[in-house]
Structures are given as structure tokens and as C-alpha cells.
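Colleague: Here you go, one structure.
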Amino acid sequence: MRIGHGYDVHRLVPDRKLVLCGVEIPCEKGLLGHSDADVAVHALMDALLGAAVLGDIGRLFPDTDPGFSGISSLTLLDSVMELLLSRGFSVGNADITVVAQWPKLSGYIDEMRSVLARHLRVSPDRVNVKATTEEGLGQVSTQGIAAHAVVLLEEKRNKAVNL
Ligand code: MG
């Protein structure tokens, strides 16, 4: 088994859609970024790549590439999963924490879990999504949204003996 951690932050700005864990959330502001800026999926991809020792999303999907402009982060997640599956990895479980002062996310958690599970190719009972504020004390969570992700990958046994 392999463990990986990912962390990301994006700034909240007017006139952008807010997409978190692949779910569009009604909000007067959205996250700024080259893609759809889904900060939670970005953290999740970095955790997956970290566990597989395959670098990070900045290396895989550089923001200097116009091909990734406005792209759904779920499409990028599908590419990451293809890469992992081709290397003999599958997802054991994933745990994501979204750090946001607002909006309130509790009503969207189940849909987020089910969207992510489909893209991770596991059942929703292997994907946990939590949301927390920082009690108004965090500089990041009042001006943007942050996300942490931890994943466990399972690796086919015969991959390890070729070292
Ligand atoms: Mg990002």
C-alpha cells in the first residue's frame, strides 16, 4: 500500500463558478484558476500522484498550456487515474477536507462523494469528504478555499519486485 497527501489553495473572486469535488455550488463568488479551479480535486490529484511517486499536477498539467484553460478538473482526474491504473495502482480510500469559511457545504457532501468515487473507480463508501471553517481565524479560508487530501493506493504485488 502507498499513502499520499495533497494540499491546494485558490482565491475566491467574483464572476467565476464555484466547483468543489466536481459539484457546482451556487455562490456569488468562485475560485480563480487556469482550469475550473476545483481546489479539492487538485488536492486529491496531488495526493494520488504523491502516493504513486509521480510528481504533481503542476508538472502533468502546466498552467502555461492553453489546452488546460477552463478545463474540468474531473477530466484531469480521469487522466491521473488512467496513469495510475496503467502502473498497476488502484485506490483503497480517499479522505478530503475542504477548508472554507463560506459557503456552507454540508448539503453537498453526499453528491461530492458519489462524483469523486465514480472518477476514482471505487464505491462511495471508500471516499470521505469533510468541510470545516477556521472559525473566522484563517487568512486563507476567508479569502479563498483550501483543501487537503489523503489517499491510500493499493499496488499490484508484482510491481514491487522489479526494483
Ligand atoms: Mg490548484
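The values are calculated or read from the model by the stated rules, or taken from the named source; none is laboratory data. Just so you know, these numbers come straight off a predicted model, no measurement behind them. Backbone-built Cβ (ideal geometry, glycine too); neighbour counts: all protein chains shown. Keep in mind that these areas ignore ligands, DNA and RNA; they rest on the heavy atoms of the full protein, side chains included. Shrake-Rupley method; radii C 1.70, N 1.55, O 1.52, S 1.80 Å.
Here's the yes/no breakdown for (1) among the β-branched types (Val, Ile, Thr); (2) buried (at least 20 other Cβ atoms within 10 Å of the Cβ):
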| position | (1), (2) |
| --- | --- |
| 99 | yes, yes |
| 102 | no, no |
| 111 | no, no |
| 114 | no, no |
| 117 | no, no |
| 122 | yes, no |
| 125 | no, no |
| 129 | yes, yes |
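Colleague: May I pose another question? Could you list all residues from the range 58-74 that are touching a Ser or Thr at 6+ places or on another chain (Cβ under 9 Å) and within 21 Å of residue 97 (Cα to Cα)?
Modeller: 72, 73 - these are the residues of the range 58-74 that are touching a Ser or Thr at 6+ places or on another chain (Cβ under 9 Å) and within 21 Å of residue 97 (Cα to Cα).
Colleague: Say we look at the range 22-38 and pick out the residues that are open to solvent by less than 20 Å² (accessible area, probe 1.4 Å) and over 17 Å from residue 141 (Cα atoms); which of these is farthest from the ligand (Cβ to nearest atom)? Walk me through it before giving the result.
Modeller: Step one: filter the range 22-38 for residues open to solvent by less than 20 Å² (accessible area, probe 1.4 Å), giving 23, 25, 30-31, 35, 37-38.
Right, trim to over 17 Å from residue 141 (Cα atoms) and you get 23, 35.
Numbers: 23: 17, 35: 8 Å.
Top of the filtered list is 23.
Colleague: Of all residues in the range 59-87, which are open to solvent by less than 50 Å² (accessible area, probe 1.4 Å) and either away from the ligand (no atom under 12 Å from the Cβ) or at pLDDT below 95 (or both)? Step through it out loud before you land on a result.
Modeller: Step one: filter the range 59-87 for residues open to solvent by less than 50 Å² (accessible area, probe 1.4 Å), giving 61-62, 68, 71-74, 76-77, 80-81, 83-84.
Within the range 59-87, 61, 62, 68, 71, 72, 74, 77, 80, 81, 83, 84 qualify.
Colleague: Sticking with this one: Checking the conditions here, which among 115, 151, 140 is out of contact with any Phe, Trp or Tyr (no Cβ under 9 Å at 6 or more places or on another chain), touching a residue at least 12 places away in the same chain (Cβ under 8 Å) and either of a type in the set (D, E, K, R) or over 17 Å from residue 38 (Cα atoms) (or both)?
Modeller: 151
Colleague: Just one of the numbered conditions (1) outside any loop (DSSP other than H, G, I, E, B); (2) farther than 30 Å from residue 134 by Cα is not true of residue 54; which one?
Modeller: The number of the failed condition is (1).
Colleague: Starting from the range 12-27, take each residue that is without any contact (Cβ under 8 Å) to a residue 60 or more places away in the chain and list its partners that are surrounded by fewer than 17 Cβ atoms within 10 Å (Cβ to Cβ) and not in a loop (DSSP other than H, G, I, E, B), counting only C-beta distances under 7 angstrom and pairs at least six apart or across chains.
Modeller: Qualifying pairs under 7 Å: 17/24.
Colleague: Separate question: Quick check on the range 5-16: of everything there that is away from the ligand (no atom under 13 Å from the Cβ) and closer than 15 Å to residue 40 by Cβ, which residue is nearest to the chain's Cα centre (by Cα)?
Modeller: Once the filter is applied, the top-ranked residue is 5.
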